[in-house]
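Following: one structure in structure tokens, then a few remarks.
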Amino acid sequence: MVAEIGHFALILALGIALFQTVVPMLGAARGQAAWMDSARPAAVAQFGLLAISFAALTFSFVTSDFSVALVYENSHSAKPMLYKVTGVWGNHEGSMLLWVLILALFGAAAAVFGEHLPPGLRARVLSVQGAIGAAFLGFIVFTSNPFARMPLPAFDGRDLNPLLQDPGLAFHPPFLYLGYVGLSMSFSFAVAALIEGRVDAAWARWVRPWTLAAWVFLTIGIALGSWWAYYELGWGGFWFWDPVENASFMPWLFAAALLHSAIVVEKRETLKSWTILLAIVAFGFSLIGTFIVRSGVITSVHSFASDPARGVFILAILALFMGGALTLFAARAGAMTAKGVFSPVSREGALLLNNMLLAVASLVVFIGTIWPLVAEMFWARKLSVGAPFFNQAFTPFMVVLAIALPIGAILPWKRGKLGRAARTLVPAMLLAVAVAALTYAVSTGNSGLAVVGAALGTWLVAGAAVDIWQRAGGQAGRLARLPRADWGRVVAHAGLGVTFIGISLLMAWSIEDIRVAREGESFEVAGYRITLVDVSDVPGPNYTSTTATMRVERDGRQVAMLHPEKRVYPVQSMPTTEASIRSSFFGDIYLVIGDEQQGGGWAVRSYIKPFAMWLWLGCGLMALGGLISLTDRRWRVAVSARRAAPARAVPAE
């Protein structure tokens, strides 16, 4: 009965979404206030119905209702409760239900907190949001029903993919979807502005908080996914340039470009057409990511589905919204004339350079991601584009971006002088050179990556410090009185610098040791003495574990006692590797136990990962910077809209 309630709520939500798509848009075109106002209760009602539907599916998983096919395919009665809950979105159908729930959440938030938006703009935004919801709800109802019943209820389920039975993966998808789907608000604002033919500073201020929130969630989601890959898969890496990893990274890059471009629209009322295009493309790449994960056209360990029919449906949704929005952009972009003019050496010029670097870098990632598919379609060749291509093609853009970012942050609007900016940043430059020299001095072998990465990261962090000090007029007492948006910006930029340092030193200085070790045997790795004390079988709630006890010593002193595991989940007959990591501020000791060898002993992999923590610390600082900016009262939609509302009344068309 609960499943049927969820299914019925899902169908009702589809009906509400169709109403929300049509009626408010017609009301805005005809100047009918009541029709425009209907968008707000419709958006809230759609969210309420989808919340009921999602709760019903969650109840089915928690209670192990194996009469529901989705529960049977992705759960098991012996599974821990956390993974029963995460099993709701650890599959195609459930993840799509979470997708539309978050979409409706953003629509409802715009309805509740956008009460001071001009009625016509609000109606059009919610109408576009309703159209996206209607398309994906139709996709779920007609091709991906999560409430389908089994002909005969099963005694027990087939369990969730063991790789997904991990705390990191429990929270990674919701945050990623909050970012993916949050960009739909930027898209809806862009399409609404194109329909009105009007983009101004008030529009930029309205769209920025939604884009910033999506970017923050996407940052957290990507970081959680990278962290999971690092400690769960047992290969010691944090990023593989997998198609699904790229699918989340590309919208992140475009969202970062959109945030910076919207600043120019708000402050100088220029780059309007470019900002609208970025809003369309950012969400478009989110849809491309949805297509990649669920179509099966590109092989990935993260893929949810490989049903070509469902892939075609998503491709049709992508073509409809992207094609429609780009066609509207082509027709209306000429009406969005820029008011401000600026010199190439100015903050506007620096932000434009920032935009171009981020956009082109994202397109490079896109080309590398889809090239195997293109080669197979047109030349019948099986190709694999791996990390070497991405590292060589993508890295130069990030290097130029890192060099330019501190300079652009302190340039004045309209016209500036590079010499003056360079003199201001001399302390940051000297510190970056000193760090580069220190890094080179302690490096051995090929140290170019470490030196360049450490120098660029330090340049970004020190440049952010100079930026905030300059804005305080060189007075410590004024720092606390600066707007939170300024603090958020410099924290995010410093976070990017910390990430640069972490990635470069981790990749350049990592040490790997692979060997066969017997119980009681010791071996040396990078100054550490590692002893395989013993290996034993340990039962888990829904798996069996081969657990090693390994002692790590340095200079005769015990540093850590680690317990790497190799688990086997009997329901799916699938093994997983559970690395054991001793983390510290300056590096990780990373141990993995493998299979027992025929001649005796166990396969053991040992990694020394310098500055690994800095990677995720930097990501955390970037997200924190975004959150600090969101708390700045100037960016709150209601406040800014209230000030602009009298001048932004939309006439009937």
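Quick look at the numbers
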read-out: Scan of the stretch 548-567 for residues that are free of Cβ contacts under 8 Å to residues at least 24 places away in the same chain and of a type in the set (V, I, T), ordered by number; value: T549
read-out: Residue list for the stretch 111-123, filter: surrounded by fewer than 24 Cβ atoms within 10 Å (Cβ to Cβ) and either touching a Cys at 6+ places or on another chain (Cβ under 7 Å) or part of a helix (DSSP H, G or I) (or both); value: V112, F113, P119
read-out: Pair list, Cβ < 9 Å and 6+ apart or interchain, from the stretch 21-37 residues that are assigned by TED's automatic domain parsing to the domain that holds I132 and part of a helix (DSSP H, G or I) to residues that are crowded, with 18+ Cβ neighbours inside 10 Å and of a type in the set (F, W, Y); value: V23/W35; P24/W35; M25/W35; L26/W35; G27/W35; A28/W35
read-out: Number of positions in the stretch 567-579 that are closer than 30 Å to L615 by Cα and more than 26 Å from the chain's Cα centre (by Cα); value: 2
read-out: Condition check for A350: closer than 21 Å to A279 by Cβ and either in contact with a Lys or Arg (Cβ under 8 Å, 6 or more places away or on another chain) or at pLDDT 85 or above (or both); value: yes
read-out: When residues of the stretch 283-308 are limited to those that are in a helix (DSSP H, G or I) and at pLDDT below 70, the one nearest to V125 (Cα to Cα); value: S295
read-out: T395 more than 22 Å from I292 (Cα to Cα), at pLDDT below 95 and in a helix (DSSP H, G or I); value: yes
read-out: Near pairs, Cβ below 9 angstrom, 6+ apart or cross-chain, from the stretch 265-282 (outside any helix (DSSP H, G or I)) to any residue that is hydroxyl-bearing (S, T, Y); value: L271/S261
read-out: Yes/no for V100 being surrounded by 24 or more Cβ atoms within 10 Å (Cβ to Cβ), among the aliphatic types (A, V, I, L, M), out of contact with any Lys or Arg (no Cβ under 7 Å at 6 or more places or on another chain) and modelled with pLDDT of 95 or more; value: yes
read-out: Matching option when the condition is within 30 Å of L624 (Cα to Cα) and of a type outside the set (G, A, S), among L562, L505, L591; value: L505
read-out: Residues of the stretch 124-152 satisfying the condition of being in contact (Cβ under 8 Å) with a residue 40 or more places away in the chain and outside any helix (DSSP H, G or I); value: S144, N145, P146, F147, A148, R149, M150
read-out: Per-region count, the stretch 510-524, residues under 16 Å from W602 (Cβ atoms) and buried (at least 18 other Cβ atoms within 10 Å of the Cβ); value: 1
read-out: Residues of the stretch 571-583 satisfying the condition of being more than 18 Å from M507 (Cβ to Cβ), among the polar types (S, T, N, Q) and in contact with a strand residue (DSSP E or B) (Cβ under 9 Å, 6 or more places away or on another chain); value: T576, T577, S580
read-out: Options F175, F171, F155; residue that is surrounded by fewer than 19 Cβ atoms within 10 Å (Cβ to Cβ) and not in a loop (DSSP other than H, G, I, E, B); value: F171
read-out: Selection status of L18, surrounded by fewer than 19 Cβ atoms within 10 Å (Cβ to Cβ), among the aliphatic types (A, V, I, L, M) and part of a helix (DSSP H, G or I); value: yes
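Listed here are the residues, each with its yes/no results for (1) of a type in the set (S, T, Y); (2) at pLDDT below 95; (3) over 21 Å from the mean Cα position of the chain (by Cα).
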site	(1), (2), (3)
P173	no, yes, no
Y177	yes, yes, no
A193	no, yes, yes
A201	no, yes, yes
R205	no, yes, yes
Y230	yes, yes, no
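Condition check ((1) farther than 23 Å from R554 by Cα; (2) touching a Cys at 6+ places or on another chain (Cβ under 7 Å); (3) among the polar types (S, T, N, Q); (4) in the same structural domain as G540 (by TED's automatic domain parsing)) across all residues:
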{"residue": "V568", "(1), (2), (3), (4)": "yes, no, no, yes"}
{"residue": "A579", "(1), (2), (3), (4)": "no, no, no, yes"}
{"residue": "R582", "(1), (2), (3), (4)": "no, no, no, yes"}
{"residue": "G587", "(1), (2), (3), (4)": "no, no, no, yes"}
{"residue": "Y590", "(1), (2), (3), (4)": "no, no, no, yes"}
{"residue": "Q597", "(1), (2), (3), (4)": "yes, no, yes, yes"}
{"residue": "V604", "(1), (2), (3), (4)": "no, no, no, yes"}
{"residue": "I608", "(1), (2), (3), (4)": "no, no, no, yes"}
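Rundown of residues vs (1) closer than 30 Å to G349 by Cα; (2) assigned to a helix (DSSP H, G or I); (3) without any contact (Cβ under 8 Å) to a residue 60 or more places away in the chain, yes/no style:
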position	(1), (2), (3)
A375	no, yes, yes
R381	no, no, yes
I403	yes, yes, yes
I407	yes, yes, yes
G416	yes, no, no
G419	yes, yes, yes
V435	yes, yes, yes
A441	no, yes, yes
V452	yes, yes, yes
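The values are calculated or read from the model by the stated rules, or taken from the named source; none is laboratory data. Small disclaimer: the values here were computed from a predicted structure and weren't measured. Neighbour counts are summed over all protein chains in view; Cβ atoms, including those assigned to glycine, are modelled from backbone coordinates with ideal geometry.
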